[in-house]
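**Student:** Below is one structure. I have some questions about it.
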Amino acid sequence: MALDPRAMLARMLLMRRFEETVIHVARAHKLGRQHLAIGNEAIGAAALTQLRDGDLIYTTHRNHGHMIARGVDPGKALAEILGREGGLCGGKGGTWHMTDPALGFQSTSAMVGGSVGLSVGGAFALKHRKTGGVAVALFGDGALDEGIAYEALNIASLYSLPVLFLCENNSKEGEAQTSRLATKELTAVPAALKIAFASVDGGDVEACHAAVEAALAHVRGGNGPYFLEAQLVRWPGSHQIVHEFTTGETDVSAAWDQAKASNEHAEWQRTDPVLRAARALIARGVLAREDVLTLDAEANARMAAARAFAEASPLPKPDAALAGVFV
Amino acid sequence: MPTKSFAVAMIDALAYSLKSDPNVVVIGAHSFLSDRGLKPEDERALWDAFPDRLIDPPTSEGVTTSLVTGAAMAGMRPFLNYGTATFAYEAFNQIMSEAANVAAMSNGQLRAPLTLHMYAGIRGGGAAQHSSSPQAMYANAAGIELVLPASPADAQGLLRSAILSSNPTVVITHTKLLAMTGDVPDGDHRVPFGKARIAREGRDVTIVATSLMVREALRAAETLAADGIEAEVVDPRTIVPLDSDAICRSVQKTGRLVTVDEGNALCSIGSEIAALVAERAFDALKGPILRVARPPVPVAFSPPLEAHITPNADKIAAAAKKALA
C-alpha cells in the first residue's frame, strides 16, 4: 500500500493526542493504570493502516495506539477507558481489553504473550477457510519471556500460518528493561524456528511502512509467518507501574524550533517518532510547518470532541455486569 | 437403539459434527480416536474422510488452547482433546483468562464456540499427576460451560451439544467410563445442557452424583434397596449450567441429601450442591447434608492408599444410611 505521508502524520498525531488526552482524563476522573503507546506511533500507524478488511488483529494491554491507528472511533475508545456505556465494549473491557471486531480486532489479552497465542488461532482459521486474510499479533519484547510465545511461533512455522508477529521492542536497559532474554537479538528466536524476520527502526515511519509492507507481502503470498521487530525508543514517561507526564504535551513546533527542542527532554524530542516524521516531511518539502500545525489542530479538535462524547456517556447500568457471559 | 461404548459414542458425536459442519476441526485427534474401541476400518475411514480436520499438534497445550480460541473467534468450531486432564494445567491461563473471557470482555461482540475435552478421575495407579478431578475449578471459571457425562447416551448427546454450543465448553470424561456400554438413541443424538437426569427414582434420600460417581451411586442404591431404603439418584449432567430446580425438587421429595464427587471435597461440586440445597430447600431437609468426596490430599499410587481415598458405592451407601439415621 502506497504511503500517504500527510495521512500517516495525521494518524500519528491523533495517536499521540489520544494518549495525552488519556493522561488528562485519567487524572480528572481518578482512573487507575493505563499502558500508553506514546513513542509507538510510527510502527503502529505504519502497520495498522496497511491492514485490510478480513485481517485479524490481536493486541495487548498497550492497545490504545493500535486502536486509533486502525481507525477506531476515539470517542468510543476513550469512553471504554472511562468505563462508560458508550465505550467500545460497554465498559466491560476497559483500557486492557478494548476491541472493535468490525475493524478486525479480536479478543484483546492483557496476559503477557496472550496475543501471540491467540493470533495463530486466527491465522489457522484464515488459512483453513482460505479467506486470504492475515492475522497480526502485536506484542512487546516482554512476551518473549513467556512460554506461550515460543509455542505459538513454533506452531505458526510448523503449519505455515499466515500471521505477522509484530514485536514492539520498547525495552531499555535499567529501570525500563521489559524483557530478560539470554540473547540480545530478539530475531534469534524466529530465526531458530525457521520464521522469516527483520528488524526496523521503530521511530522511522517510512522505514516502518516499508518493513511492514514487505512483511505483509510475505505473509499474504502464502509464505508462512513473518516476525518483524520494531526497535522503539522508550518514552521517558513510561515506567513499569505508572506513567509520568514528564515530557508534557507534545509541542509539534519542536520539530523545527531549536529553542524548544533543547530543554531537558532534548533527547526524547530528537527521537520522538511524531516529531521525526514532521521534521522529515518539512525537510523534504512535502509539508510546510503550517500544514503540520493544521494537522495537529485537527487531531486536537477530534480529541476534544472525543473527550466530550466519552464524558457525556453514562456509566453502565449495574446489572449489565451479569449479562453477556454466555451466548 | 444401538448399544455402544462410551468411547465410541463420543467418537460418533465427533463424526456427526465433522460431517455436518466444515468449520469443525479436531486437535489432538489421535489420542481421542485410537485404541478407543472403534473398529480399525471405521477409524481409518474417519482419518481418510477428514485429512485436513483431524490434527495431531505438538505437545503444546498452551498454544493449542490459544489456537482453538483464536480459531473459534474467527468462525470455526474447534474440538481440542488434551488427553489426561492434568495436561490442561499447562494451558490454564489460556482457558481461564482467554477463552472464558472472550464474550464478556468484548461485551458479546465476540464469541468462542470451542470444546475442550480431557480424561480425568482416579483411574487406578495413576498416582498424583494422572488422577486429577479438576471439575470444580472449571465450574469456578465464570464463562465456561462444564459437562460431565455419565453414560454412553449422554456422552454422545452432550458432546454433540458442546460442539454446537456458541460458548467455550469443557467436557470431562472419567477414564473408567470409556469402556461402559449402553443404549444410545439412533442418529444424531443431542442432549440439552442444564437438564438433570433422574438416574433412579426414590423417596427416602437424594444422591446427587456426577460422572463415574453416578454408576457408584446407582450401585449404592441397589444395596440400600435391599435394606428397604429407596434412594433417588440425580445426575446433573452439566454443572454449568446447573439444573438447580431438579436437585431441589428431589430434596423436597426425599428430605435428605448426599452429594458424591470424586474431586477434592474442599470447594467441590458437592459443596456447591450442598450450599444450593441449604439455601433453597432448607425447610425440606430432615437431617444434615452429607458429602462423599476425596479427602483434600494428592492421590497416592499404591492400591490400598488409592482405594482409601476414592469414593465408591460402599461409602455412598454408608453416607445415605447416616443421613437417614
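The values are calculated or read from the model by the stated rules, or taken from the named source; none is laboratory data. Just so it is clear, the structure is predicted and the values come from calculations on it, not from any experiment. As a convention, Cβ positions derive from the backbone with ideal geometry for all residues, glycine included, and neighbour counts pool all protein chains shown.
**Student:** Checking residue B:44 against (1) assigned to a strand (DSSP E or B); (2) charged (D, E, K, R); (3) closer than 29 Å to residue A:160 by Cβ, which test does it fail?
**Tutor:** Just one mismatch for residue B:44, condition (1).
**Student:** Let me ask something additional. Does residue B:51 satisfy the condition of being more than 7 Å from chain A (Cβ to nearest Cβ) and in a strand (DSSP E or B)?
**Tutor:** Working: more than 7 Å from chain A (Cβ to nearest Cβ): yes; in a strand (DSSP E or B): no.
So residue B:51 fails the test.
**Student:** Moving on to the next point. In region A:50-61, is there at least one residue being more than 13 Å from every other protein chain (Cβ to nearest Cβ), closer than 17 Å to residue A:22 by Cα and out of contact with any Cys (no Cβ under 6 Å at 6 or more places or on another chain)?
**Tutor:** no
**Student:** If you take the residues in region B:101-123 that are under 24 Å from residue A:91 (Cβ atoms), surrounded by 24 or more Cβ atoms within 10 Å (Cβ to Cβ) and small (Gly, Ala, Ser), which one is farthest from the other protein chains (Cβ to nearest Cβ)?
**Tutor:** The extreme case among them is B:112.
**Student:** OK, next. Which count do you get for residues in region B:22-41 that are of a type in the set (D, E, K, R) and part of a helix (DSSP H, G or I)? Let's see the steps before the verdict.
**Tutor:** Taking region B:22-41 and keeping what is of a type in the set (D, E, K, R), we get B:35-36, B:39, B:41.
Still in the running and part of a helix (DSSP H, G or I): B:41.
Looking only at that region, the number is 1.
**Student:** Let me ask another. Is there any pair with a first residue in region A:50-74 that is farther than 20 Å from residue A:206 by Cα and a second that is surrounded by fewer than 24 Cβ atoms within 10 Å (Cβ to Cβ) and among the hydroxyl-bearing types (Ser, Thr, Tyr) whose Cβ atoms are under 7 Å apart and which are 6 or more apart or on different chains, and what are they?
**Tutor:** A:54/A:131
**Student:** Taking residue A:122 as the residue in question, decide whether it is in contact with a helix residue (DSSP H, G or I) (Cβ under 8 Å, 6 or more places away or on another chain) and either touching a residue at least 24 places away in the same chain (Cβ under 8 Å) or more than 7 Å from chain B (Cβ to nearest Cβ) (or both). Walk me through it before giving the result.
**Tutor:** Details: in contact with a helix residue (DSSP H, G or I) (Cβ under 8 Å, 6 or more places away or on another chain): yes; either touching a residue at least 24 places away in the same chain (Cβ under 8 Å) or more than 7 Å from chain B (Cβ to nearest Cβ) (or both): yes.
Answer is yes for this residue.
**Student:** If you don't mind, another one. Pull out all pairs, ordered by first then second residue, where Cβ-Cβ is under 9 Å, the residues are six or more apart or on different chains, the first lies in region B:157-171 and is at positive phi and within 13 Å of another protein chain (Cβ to nearest Cβ), and the second is buried (at least 24 other Cβ atoms within 10 Å of the Cβ) and assigned to a helix (DSSP H, G or I).
**Tutor:** none
**Student:** With (1) outside any strand (DSSP E or B); (2) within 14 Å of chain A (Cβ to nearest Cβ); (3) touching a residue at least 60 places away in the same chain (Cβ under 8 Å) as the list, and residue B:98 as the residue in question, which single condition is left unmet?
**Tutor:** (3)
**Student:** With A:26, A:2, A:10, A:102 as the choices, which residue is surrounded by fewer than 22 Cβ atoms within 10 Å (Cβ to Cβ), on the phi < 0 side of the Ramachandran plot and not in a helix (DSSP H, G or I)? Explain how you work it out, then say what you get.
**Tutor:** Working: A:26 fails: not in a helix (DSSP H, G or I); A:10 fails: not in a helix (DSSP H, G or I); A:102 fails: not in a helix (DSSP H, G or I).
On inspection, the qualifying residue turns out to be A:2.
**Student:** When the residues of region A:163-212 are narrowed to those that are of a type in the set (D, E, K, R) and buried (at least 17 other Cβ atoms within 10 Å of the Cβ), which ends up nearest to residue A:274 (Cα to Cα)?
**Tutor:** Keep residues of region A:163-212 that are of a type in the set (D, E, K, R), which gives A:168, A:172-173, A:175, A:180, A:184-185, A:194, A:201, A:204, A:206.
Those left that are additionally buried (at least 17 other Cβ atoms within 10 Å of the Cβ): A:168, A:201, A:204, A:206.
Details: A:168: 16, A:201: 14, A:204: 9, A:206: 12 Å.
So, considering only residues that are of a type in the set (D, E, K, R) and buried (at least 17 other Cβ atoms within 10 Å of the Cβ), the one nearest to residue A:274 (Cα to Cα) is A:204.
**Student:** Looking at region A:47-62, can you tell me whether even one residue there is of a type in the set (D, E, K, R) and touching a Lys or Arg at 6+ places or on another chain (Cβ under 8 Å)? Don't jump to the end; show me each part of the working.
**Tutor:** Start the filter on region A:47-62 by keeping residues that are of a type in the set (D, E, K, R), which leaves A:52-53, A:55, A:62.
Those still in the list that are touching a Lys or Arg at 6+ places or on another chain (Cβ under 8 Å) too: none.
The answer is no; no qualifying residue exists.
Listed here are the residues, each with its yes/no results for (1) in contact with a Cys (Cβ under 7 Å, 6 or more places away or on another chain); (2) under 24 Å from residue B:272 (Cβ atoms); (3) touching a residue at least 12 places away in the same chain (Cβ under 8 Å).
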position	(1), (2), (3)
B:70	no, no, no
B:81	no, no, yes
B:94	no, no, yes
B:103	no, yes, yes
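**Student:** I'm trying to understand the selection: among the residues of region A:75-96, which are in contact (Cβ under 8 Å) with a residue 24 or more places away in the chain and facing chain B (nearest Cβ under 9 Å)?
**Tutor:** Answer for region A:75-96, where residues must be in contact (Cβ under 8 Å) with a residue 24 or more places away in the chain and facing chain B (nearest Cβ under 9 Å): A:87, A:90, A:91, A:92, A:96.
**Student:** Any residue at all in region B:35-49 that's on the phi > 0 side of the Ramachandran plot and modelled with pLDDT under 95? Talk me through it step by step, then tell me what you get.
**Tutor:** Here is the first cut: in region B:35-49, the ones on the phi > 0 side of the Ramachandran plot are B:35, B:37.
Adding the requirement that they be modelled with pLDDT under 95 leaves B:35, B:37.
Within region B:35-49 (the criterion being on the phi > 0 side of the Ramachandran plot and modelled with pLDDT under 95), the answer is yes, since at least one residue qualifies.
**Student:** Looking only at helices (runs of 4 or more DSSP H) that lie completely in region A:133-233, which have at least 3 residues being not aliphatic (A, V, I, L, M)? Full working, then the answer.
**Tutor:** On the way: elements: A:147-158, A:188-192, A:205-220.
Correct list: A:147-158, A:205-220.
**Student:** Further question on the same structure: Show the residue pairs that are 6+ apart or on different chains and have beta-carbon atoms under 6 Å apart, the first residue being within region A:176-205 and more than 27 Å from residue A:159 (Cβ to Cβ) and modelled with pLDDT under 95, the second being assigned to a loop (DSSP other than H, G, I, E, B) and not charged (D, E, K, R).
**Tutor:** A:177/A:171; A:178/A:171
**Student:** Can you confirm whether residue A:135 is free of Cβ contacts under 8 Å to residues at least 40 places away in the same chain, touching a strand residue (DSSP E or B) at 6+ places or on another chain (Cβ under 7 Å) and under 21 Å from residue A:57 (Cα atoms)? Let's see the steps before the verdict.
**Tutor:** Values: free of Cβ contacts under 8 Å to residues at least 40 places away in the same chain: no; touching a strand residue (DSSP E or B) at 6+ places or on another chain (Cβ under 7 Å): yes; under 21 Å from residue A:57 (Cα atoms): yes.
It is false that residue A:135 is free of Cβ contacts under 8 Å to residues at least 40 places away in the same chain, touching a strand residue (DSSP E or B) at 6+ places or on another chain (Cβ under 7 Å) and under 21 Å from residue A:57 (Cα atoms).
**Student:** Just a yes or no: is a residue in region B:157-171 of a type in the set (A, V, I, L, M), surrounded by fewer than 24 Cβ atoms within 10 Å (Cβ to Cβ) and part of a loop (DSSP other than H, G, I, E, B)?
**Tutor:** No, there is no match, as no residue in region B:157-171 is of a type in the set (A, V, I, L, M), surrounded by fewer than 24 Cβ atoms within 10 Å (Cβ to Cβ) and part of a loop (DSSP other than H, G, I, E, B).
**Student:** Moving on to the next point. Can you tell me which condition residue B:297 does not meet? The list is (1) aliphatic (A, V, I, L, M); (2) surrounded by fewer than 23 Cβ atoms within 10 Å (Cβ to Cβ); (3) within 20 Å of residue B:128 (Cα to Cα); (4) under 20 Å from the mean Cα position of the chain (by Cα), and all the others hold.
**Tutor:** (4)
**Student:** Still on this model: List every residue pair whose Cβ atoms sit under 9 Å apart, with the two residues 6 or more apart in sequence or on different chains, where the first one lies in region A:301-327 and is within 20 Å of residue B:241 (Cα to Cα) and facing chain B (nearest Cβ under 9 Å) and the second, anywhere, is surrounded by fewer than 14 Cβ atoms within 10 Å (Cβ to Cβ) and among the aliphatic types (A, V, I, L, M).
**Tutor:** A:325/B:142
**Student:** Using beta carbons and a limit of 6 Å, which pairs, at least six apart or on different chains, have the first residue in region B:297-314 and over 26 Å from residue B:222 (Cα atoms) and the second one β-branched (Val, Ile, Thr) and surrounded by 18 or more Cβ atoms within 10 Å (Cβ to Cβ)?
**Tutor:** Cβ pairs passing all conditions: B:299/B:122.
**Student:** Does residue B:68 qualify as being closer than 23 Å to residue A:101 by Cα, touching a strand residue (DSSP E or B) at 6+ places or on another chain (Cβ under 6 Å) and either outside any helix (DSSP H, G or I) or facing chain A (nearest Cβ under 7 Å) (or both)?
**Tutor:** Numbers: closer than 23 Å to residue A:101 by Cα: yes; touching a strand residue (DSSP E or B) at 6+ places or on another chain (Cβ under 6 Å): yes; either outside any helix (DSSP H, G or I) or facing chain A (nearest Cβ under 7 Å) (or both): yes.
Yes; evaluated as a whole, the condition is true for this residue.
**Student:** Checking residue A:36 against (1) of a type outside the set (Phe, Trp, Tyr); (2) away from every other protein chain (no Cβ under 14 Å); (3) not in a loop (DSSP other than H, G, I, E, B): exactly one of these is not met. Which one?
**Tutor:** (3)
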